[in-house]
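One structure is given below, encoded as structure tokens.
The values are calculated or read from the model by the stated rules, or taken from the named source; none is laboratory data. Predicted, not measured: the structure shown is a model, and the values here were computed from it. Counting neighbours? That spans all protein chains shown, and the Cβs are built from the backbone with ideal geometry, glycine included.
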Amino acid sequence: MNFSFYYLRKALASKKRGKIIAIEGIDGSGKTTVSTEIYSYLSSRGIPVYYSFEPTYMKIGSIIHRFLRGEIPLDPHSQALLFAADRLEHLSREIIPHIKQGENVILDRYVHSSYAYQGALLNDLKWVVTINKFALAPDLAIYIDVPPSTAIKRIKKKKGSKLSVYEHARFLGKVRNIYKLFVKKGELIEIDGTKEKDQVISNALALVCKNLKLKLT
Ligand code: TYD
């Protein structure tokens, strides 16, 4: 029996399982702020919730982080395979055990990050989707839209000129186009990331509350 499918079937079978809520966007879109605010909002109201992000800092994720910092080279197809493998480790060791316990898992990046970034890098979205086919689909995926020029300005303000390997306006433009493709397909729900921070957060919270059938307070 396929190991991943075994996990997925068992997790999905549970009626009380928590949900997977992913926050997506290009670097500098504000997804880390939004995802941590969602986590705080839910936990302060006693809703079972767990926070995580990708790439992880588990074994495979740590290799990816070294690559992102420019410390080691990685073939583009290997990058895609490592992101997909890191995701399966994340699912089986962390995400699925938490949703099985009824906790909602808030993710700063998930499978659509691979579609968008590795899809843009390799010009082969179909293959990137295929290698991620064992990843459990998110119950809600919010995409925070900002133009690459705004994103780069924000990143430079935060980090100075030390940008990581994917943080370039032209590339982020391609990434954004793929995200938009998945908005059109209905897999991602778009919110405007150029609005005031509080507005972006409350727009994201409204989507989360609707999905979890909670009253927004
Ligand atoms: P990011 O969340 O932006 O990290 P930080 O907040 O520390 O800047 O993610 C790191 C990078 O990893 C980002 O440039 C996007 C990239 N990435 C992919 O290319 N594919 C993926 O599947 C994931 C999860 C991330």
>> Just to be sure I understand, how many residues within the range 128-152 are part of a helix (DSSP H, G or I), touching a residue at least 40 places away in the same chain (Cβ under 8 Å) and either in contact with a Gly (Cβ under 6 Å, 6 or more places away or on another chain) or not aliphatic (A, V, I, L, M) (or both)?
In response: 4
>> Checking the condition modelled with pLDDT under 95, of a type in the set (Phe, Trp, Tyr) and crowded, with 18+ Cβ neighbours inside 10 Å, which residue from TYR41, TYR7, TYR50 passes?
In response: TYR7
> Could we say that LEU140 is under 18 Å from the mean Cα position of the chain (by Cα), closer than 23 Å to SER40 by Cα and either surrounded by fewer than 17 Cβ atoms within 10 Å (Cβ to Cβ) or within 11 Å of the ligand (Cβ to nearest atom) (or both) here?
Replying inline: no
>> Just to be sure I understand the filter: pairs with C-beta atoms under 6 Å, separated by 6 or more residues or on different chains, first member in the range 160-178 and under 10 Å from TYR117 (Cβ atoms), second member away from the ligand (no atom under 11 Å from the Cβ) and in a helix (DSSP H, G or I). Which pairs pass?
In response: LEU172/PRO148
>> Cβ-Cβ under 8 Å, sequence separation 6+ or interchain: first residue in the range 109-124 and within 13 Å of ILE23 (Cα to Cα) and among the charged types (D, E, K, R), partner within 9 Å of the ligand (Cβ to nearest atom) and in a helix (DSSP H, G or I). Which pairs?
In response: ARG109/LYS31
> What number of residues in the range 55-88 are within 12 Å of the ligand (Cβ to nearest atom), without any contact (Cβ under 8 Å) to a residue 60 or more places away in the chain, out of contact with any Leu (no Cβ under 9 Å at 6 or more places or on another chain) and among the aliphatic types (A, V, I, L, M)?
Replying inline: 3
>> Here is a check on your reading of the model: is TYR110 hydroxyl-bearing (Ser, Thr, Tyr), in contact with a strand residue (DSSP E or B) (Cβ under 7 Å, 6 or more places away or on another chain) and either at pLDDT below 95 or away from the ligand (no atom under 12 Å from the Cβ) (or both)?
In response: no
> Which of the residues belonging to the range 189-206 are part of a helix (DSSP H, G or I) and either surrounded by fewer than 16 Cβ atoms within 10 Å (Cβ to Cβ) or polar (S, T, N, Q) (or both)?
Replying inline: LYS197, ASP198, GLN199, SER202, ASN203, ALA206
